[in-house]
Amino acid sequence: MRRWRLLCLLASASFARASEPATFAGHYGHGATHDADEVVWTVEALGGHWRIVRTADGEAHDAHRLQARGREAFWTRMGWPADSSADADCMSWGQKPASLDDLLADTPPAAAAAGEDYGLGVLCRVPLAARIKTGWLGGQASDWFYYDPIAGVMELKRLR
């Protein structure tokens with residue numbers, strides 16, 4: 001009976017953790033490194049925001065959590081159903097890359113409030129049920145991914 005209670009307690013704690021916002025702080029790697037546990041990015045918590053540091057050269061950027069509007073903007077850019085962004089938790093940094101429309105426009109688009117649009121880099125935690133709705137992202141083993149306009153979307157592993 002005690003084992004059953006312990007299993008129920010662990011399952012409920014795990015379920016509660018899955019629905020909580022991501023903490024982001026930690027070390028991340030991906031499958032394109034020489035060693036499976038090689039740290040590519042480190043995310044540090046700094047009060048209400050984060051700093052992401054690229055391990056290779058120490059390049060650092062302040063980052064902020066994306067609100068619903070920012071996640072939807074990013075999901076739309078990726079061609080994913082906007083409603084599948086509701087369960088995602090993302091942080092972003094840098095200035096949003098200009099689209100061809102932005103480059104050709106007479107006036108640049110107005111800047112969005114922090115968190116209401118994505119920037120140059122995006123790091124997200126997306127539970128399996130939401131990943132499945134996006135198509136190919138559902139095939140990832142990890143809940144985490146990284147995006148930038150050069151590398152595209154890349155599956156991440158949270159290392160520690």
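The values are calculated or read from the model by the stated rules, or taken from the named source; none is laboratory data. The shown structure was predicted, so the numbers you read here are calculated from the model rather than taken from an experiment. Cβ: placed from backbone, ideal geometry, glycine included. Neighbour counts: every protein chain shown. When the accessible area is computed, the model is the full protein with side chains, heavy atoms only, and any ligands, DNA or RNA have been set aside. Shrake-Rupley method; radii C 1.70, N 1.55, O 1.52, S 1.80 Å.
So the values come out like this:
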| item | result |
| --- | --- |
| Net charge, residue 83 excluded, C-beta distance under 14 Å - Lys, Arg +1, Asp, Glu -1 | +2 |
| Net charge of neighbours whose Cβ lies under 13 Å from the Cβ of residue 61, counting Lys and Arg as +1 and Asp and Glu as -1 | -3 |
| Area of residue 158 that stays accessible when all protein chains are in place (1.4 Å probe, Å², to 10) | 90 Å² |
| Ranking by accessible area, most exposed first, for 146, 28 with a 1.4 Å probe | 146, 28 |
| Around residue 28: net Lys/Arg minus Asp/Glu count, Cβ-Cβ under 13 Å | 0 |
